[in-house]
Structures are given as structure tokens and as C-alpha cells.
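Read through the structure below, which is laid out as C-alpha cells, and then see the notes.
Computed from the coordinates by the stated procedures, all read-outs in this text should not be read as laboratory data. Values in this document were obtained by computation on a predicted structure and should not be read as measured data. Virtual Cβ from ideal backbone geometry, glycine too; neighbours counted across all protein chains shown.
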Amino acid sequence: MAAVEFKHVDVIFGKDQKQAAALLDQGKTRSEILAETGSVLGVADASLSVEEGTICVLMGLSGSGKSSLLRCVNGLNPVTRGELLIAHKGTTVDMANISSRQLRELRRDRIAMVFQQFGLLPWCTVRENVGFGLAVKGVPKDEVQRIANEKLALVNLSDWADKPVNELSGGMQQRVGLARAFATDADILLMDEPFSALDPLIRDRLQDELLELQKTLKRTIIFVSHDLNEALKLGNQIVIMESGRIIQAGTARDIIFKPANEYVRRFVANINPLHVLYAGVLMRPLTQFNRTQDQISLDEGWILQFDATNTPISLRLQNQEYPLQTLDYDTWMQDVVEVAEQTDQPLCVTQAGKIVGVITHKDILHSLLRQTALSTEQPM
Amino acid sequence: MDWLTEHKLPIGKWLGQGVDLLNQQAAGFFDSLSMVLETILNGTTAALVWLPAWLLIAGIAGLAWWLHRSWGLVAFAVLSLLLIINLGYWQETLETLVLVLYATLFCMLIGVPLGIAAAHHPLLYTILRPILDLMQTIPTFVYLIPTLILFGLGVVPGLISTIIFALAAPVRLTWLGISSVPNTLIEAGKSFGCSKHQLLWRIELPYAMPTIMAGLTQCIMLSLSMVVIAALVGADGLGKPVVRALNTVNIEKGFEAGLAIVILAILLDRLFKQPAKQPAGAP
Ligand SMILES: Nc1ncnc2c1ncn2[C@@H]1O[C@H](COP(=O)(O)OP(=O)(O)OP(=O)(O)O)[C@@H](O)[C@H]1O
Ligand SMILES: [Mg+2]
């Protein structure tokens, strides 16, 4: 079920919205509209549905309208035209057409937000910041305290609860921001470039932490990023935007292997496959190999040995037996390469406990080539 | 040019007539306001004078400790107050203190809400700005006369003039504090469902508090600087001996009373000044 659904959403900033909308319908571009009416076209005709419990990443260059689209969801930006539907209490609410009381209710109970500049209250302690949303809702003090402690434990900041927030490093402050967003148990999380202000190592770690938390919390997350690596790593669905319009929406594989246009292709050319591709993409399925009796012959003289129940049991090289080295289907390429480098033998990929494919060193090199081939295939 | 001088605009006359009109039409209002204020101020002064001096000194020293945890300040407070007693101006100091504190109280009560409203409504600020400029630049003696007419001689016209003079500081600084709240904080508040009221109390006021407190200290200092002028319209306090010394060309007396004012100023400034900490988290 879609938790959030955008239907032909336009966002226009400025006084002359009617006229700007009329010009938009005539097919005028953003700069023409700006020149004629002085209004800025933030988002044009965006249709998108975000499934419950998934991460949807809005991606694009600066000024492409990512924030404008995101901020419609909790009403920080107005929806000029179109519908923005959110399932709420058995009915659907249209953000384009909502009473201020209902908006406040949604913001308190259903939608939380994480900001690029953290947006923490500097005069409050870490715990008070985490409890902010609850306090606004009027939750009793000791209850606020209890929940805040719980969420602080979730982001590993329990020891810092009584410190003022500005004594924390940037990465820690953003963890406080995350804990604050989790605290109200809002099932829709809006994140506007939450990790962009952090240095790369911390960013990477927080991405991992977010993915880890998401496994159990299963929130609907709309995440803005200008980094395709981040988008591919986090997003179940990736939405590429360019000057206010949605260019392509799809899975990581769609974006990488079927880029919709030159703009997307240029992004793909700059990704780092180590963080984006995973074992399931790298492997060759067992069914692709020629089987002779109970053996499959892999590259470089390696042989995969099967037992009587048709399960692979060992690897052989020049009559020497080696135990199998297995990896999960979802393992990032980075880890695949690491394991390959350490073990120096073909790797078996398991899905639901069964071995479904093999990755040899050649497969790894091949996938690297394929990715680079793709990104340089057509000269820009 | 002759034409210009011959056809003088009767600005002063209009204002004078306005004040007269007020005085005639609303005399009852001004009289009763004056009476109420006078009762409050004189009552407070009488209560403080009635208290033994050592108790007051101990109280102020305790306040200094409670606010700043500094033995240096406590020692300074005790010694300076003892010096004032020694100079023989204890009662006058209390009278001045009461005038200054009430003026500041009224200034904050009017100024802070006005500053908040101005920060939320740019149009109001546009209207308010020239008025505030006027209140701060117009020579005090000019509005001393109408206040004298409306409120009669005594402590009340002193209080009113002081308020007019000192009011601009808290308004401006409150406006500054509230309007410099970073947008991210406002949006963080909104996105967690703050109502306007919650936004003010949970985000804007805490952020602006250091600036508002700076307004408070400024307001106290401005009020103190009005002490001598207040004495001219009959307000009791340290201004009186100064005025008397001026009239009798008495250097010693003038200097001693002036010293008492300076001591009080330093003491109040140290007491109410925030520890030199920037608004937390300000960039
Ligand atoms: N409140 C506003 N008033 C006027 N114009 C705005 C407003 N907010 C955004 N815009 C304009 O809308 C366009 C899209 O801005 P938006 O912030 O959505 O881009 P973005 O993709 O988030 O970019 P960035 O990566 O820089 O954050 C920009 O041209 C911006 O100037
Ligand atoms: Mg943005």
C-alpha cells in the first residue's frame, strides 16, 4: 500500500501562482516562467507513490526541486496544484487541502523530519532534544524521559543524555536528530540531506546505521540526497529529479543499467560500484554452468563438487580439496571483494540457505568492466 | 523666506493643545494612575527603608551568590553598599533603586511583548522604528513638561519619563533576538507540530533569551542615567542631592552623591549581566 502518493504535484513559489501555473501548462520552462512572472517553479507535475516501509530517495542536482517536493509532505511547502495523499486514520488526507488542526495532528503523530543542519535546540540537553516532539504533543514528563532514553540507546548515545547538544560532534548531533525523529513513533520520516554536512566516513557509518535500524523499525522514509552512491545504497526506490521534474523512478538496478537519459547516465558514470552492486548482481547462477556428473568446472581450474543430494560440498583445485566459502545474496560488492581477496578462491552465493550461484575473481573484474563500459558507452 | 517665517506651522501649539485636551478630558484617569503608581512606589520604598540595612545587604549578597556563584561579586556588593551607608545616602539609594527597578519592570512588561509582536509583523516594526528612534533621541526635558502637567510633581512623572527614555532598548533587543532565530529551528518546531504559542515559548523565547537579558541590563542602565532628571520633577533619590549640589555649587556633596550613583550602577550591571556567554549555539 502506498503510504504517500503524489499526483501531478506542482510547487510554485511567488505571488503570481495562477499565471505561473498557466504558463506551466503552456509548456514554458522554469526560466521562462521566472522571467515572465517572477515566480519560481519548485516542482512540476510530480507523480510518485512511496510504498509503506520502504526508503524512497529523491536525487538530483542542487536546485532540482528535491527539498521542495519533500517539504510538501509535512506542509513546510505548500502544494500549489495536484494532490498529495497520505493515509491517515482509515481515510486519506490530501496535503494540498488540509486544515491547520489536521496538519498539526499529522506532524505530531505521523510525520517526523531530520534536517541537514540538524535543527537541534542548543539550549537543551541531548535528552530534551530527543523528547522534543513528545513534549510538544503533551506527553507526561516521565514518559518523555523514558522514551527519550530508549531512543538514545537505539542510536548509541545513552552516555551523552545530559550533555548540551553543542558539545557533540556533527555525526553525534545527527544521531540525536534521528533519535528525535524516531521518538514520536511517526511512521513517515522525511530526511533532507541528513548526512550531507558530515564527513565521508561518518556519513558512511550513519547510512549503515540507518539501514540497520530500518530493518526493525520499517518506517516509510523519504530521503533527499544529491549523491547517487548514497541513493543507490539506501533507496528501495530512487527518484531522479531535474529542474523540478521527475526524470526517472526505479530500483538501483533500473537506474544503473537502464538510465532514462543523459542526465541520469552522467550520475551513474560517477558512482562507486563497490557500494552499489551486491553479490546477487555479481554472481553467475549455477544453472548457467555445464554440469558433468557431480562437478562444475569454474575458471582457472577450479572445480565445484556436488554430493549425492545435488548440493555443492567442496571446491577442488589440482586434486586438492577446499571447503566452500559462502556469502549472502545481499552482500555489498565491497565485502565480496574483501572476502575474495582474503580467501583467494571462488565464492558461493546463498539465498535462503541454498547455494544459488558462484562468484569467481573473473566475475568481479567483469562486473567492474561492465559498469565502466556502461558509463563510457556513449560519449557525452 | 519671509513668507516661510510668517506662516509658521503651529506644531508646538497643536501639541500643547493636545496635552491640554488630554489633561482636561482624562484628568481623572491620569490622576488615579498617578495615585496608584505613587502608592506602589512609595510603599515599596517605605518597606525597604523599614527593613534593617544589614538584612538588605545580606539579601543582595545572597542574590549575587545565587546568580553568579562568585565570591568576588559578593564581596564587592557588601563593601559597596557599606560605602553608600558610610556616605550617608542609604535612603536615597533605596529610593533610586525602587524607581529604577519599577521603571525597568514596566519597560520589560511593555517592551518584550511589543518586540515579539514587531518581530512577527514586519509592518508593525516599520511603524514602530521611527517612534523608537524619536523616543531615544528627543531631549528628555521636552517630554518632561507634558508628563509634569499630566501626572503632577513627584515620583510618577519621573517614572514615566524614565520609561519613555528606556523603553526602546528592550523593544529593539527583543525584536532582534526573536527575528534572528534560525529558520531551521523554526522549521524543526513546526515539523514536530508546534502551535504558534508553542513555537514562541519552546523555540523563539529560549533562543532570544540572552539578547532579551541584554535588553534588561541596558534598560536598567538607561533608567539609572535618568535619575538626576527624575529628581528635577520631584522624584526622590540620589538625583536630589546632585541637583541640590548643583544649585549651591557644592563640589563635595555633588561628588559623593555622584559616587553613590556610580556604585549602584556598577552593582546592578554586574548583578544582572549574563555571564559572557554567546547565545548558545549561535554561529
Ligand atoms: N521558499 C522558497 N521561496 C522561493 N523559492 C524557493 C523556495 N524554496 C525553494 N525555492 C526555489 O525552488 C527551486 C528548487 O529548490 P529546492 O530547495 O527544492 O532544490 P533542491 O533540489 O533541494 O536543491 P539543494 O540540493 O540545493 O537543496 C530553487 O530554484 C529554489 O531557489
Ligand atoms: Mg535541498
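Numerical summary
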{"quantity": "Extension gain from B:Met1 to B:Ile138, taking 0.36 nm per residue of separation minus the Cα-Cα distance", "calculated": "46.6 nm"}
{"quantity": "B:Ser32 versus A:Glu300: modelled label distance in nm, points set 7 Å from Cα along the beta carbon direction", "calculated": "10.1"}
{"quantity": "Where N is the number of residues in segment A:280-368, Cα Rg divided by 2.2 N^0.38 Å", "calculated": "1.00"}
{"quantity": "Chain A: radius of gyration over Cα atoms, expressed as a fraction of 2.2 N^0.38 Å", "calculated": "1.17"}
{"quantity": "Spin-label pair B:Gln274/A:Glu83, simplified geometry with 7 Å Cα→Cβ offset, distance in nm", "calculated": "5.0"}
{"quantity": "Whole-number percent relative contact order across segment B:28-272, with pairs defined as alpha carbons under 8 Å at least 6 apart", "calculated": "25"}
{"quantity": "Rg over Rh [alpha-carbon atoms, Kirkwood Rh] for the protein assembly as shown", "calculated": "1.17"}
{"quantity": "Contour excess over end-to-end distance, with Cα ends at A:Asp328 and A:Arg245 and 0.36 nm allotted per residue", "calculated": "26.2 nm"}
{"quantity": "Where labels lie 7 Å past Cα in the beta-carbon direction, separation of B:Trp201 and A:Glu338 in nm", "calculated": "5.1"}
{"quantity": "In segment B:186-244, the trypsin sites (Lys or Arg not before Pro) that fall in loop regions by DSSP, at most 13 other Cβ within 10 Å", "calculated": "none"}
{"quantity": "Within-14-Å neighbourhood charge of A:Glu83 [Cβ basis; K, R +1; D, E -1]", "calculated": "-2"}
{"quantity": "Estimated [θ] at 222 nm from DSSP helical runs (n ≥ 4, -39500 (n - 2.57)) normalised by residues in chain B, nearest 500", "calculated": "-26500 deg cm²/dmol"}
{"quantity": "Alpha-carbon centroid distance for the pair segment A:225-290 / segment A:305-370, whole angstrom", "calculated": "24"}
{"quantity": "Prolate/oblate/rounded call for segment B:28-272, Cα gyration tensor, a/c under 1.5 rounded", "calculated": "oblate"}
{"quantity": "Where chymotrypsin sites (Phe, Trp or Tyr not before Pro) fall in DSSP loop in segment A:264-333, at most 16 other Cβ within 10 Å", "calculated": "A:Phe289, A:Tyr329"}
{"quantity": "Paired Rg and Dmax values of segment B:1-141, which use every Cα atom, in angstrom", "calculated": "22.5, 70"}
{"quantity": "Alpha-carbon centroid distance for the pair segment B:62-136 / segment A:162-202, whole angstrom", "calculated": "40"}
{"quantity": "Chain B: DSSP helices with Cα axial extent of at least 20 Å and average Kyte-Doolittle hydropathy no lower than 1.0", "calculated": "B:27-50, B:53-68, B:71-87, B:90-120, B:205-225, B:251-272"}
{"quantity": "Sites B:Ile127 and B:Trp65, calculated FRET efficiency, Cβ-Cβ separation with R0 51 Å, nearest 0.05", "calculated": "0.70"}
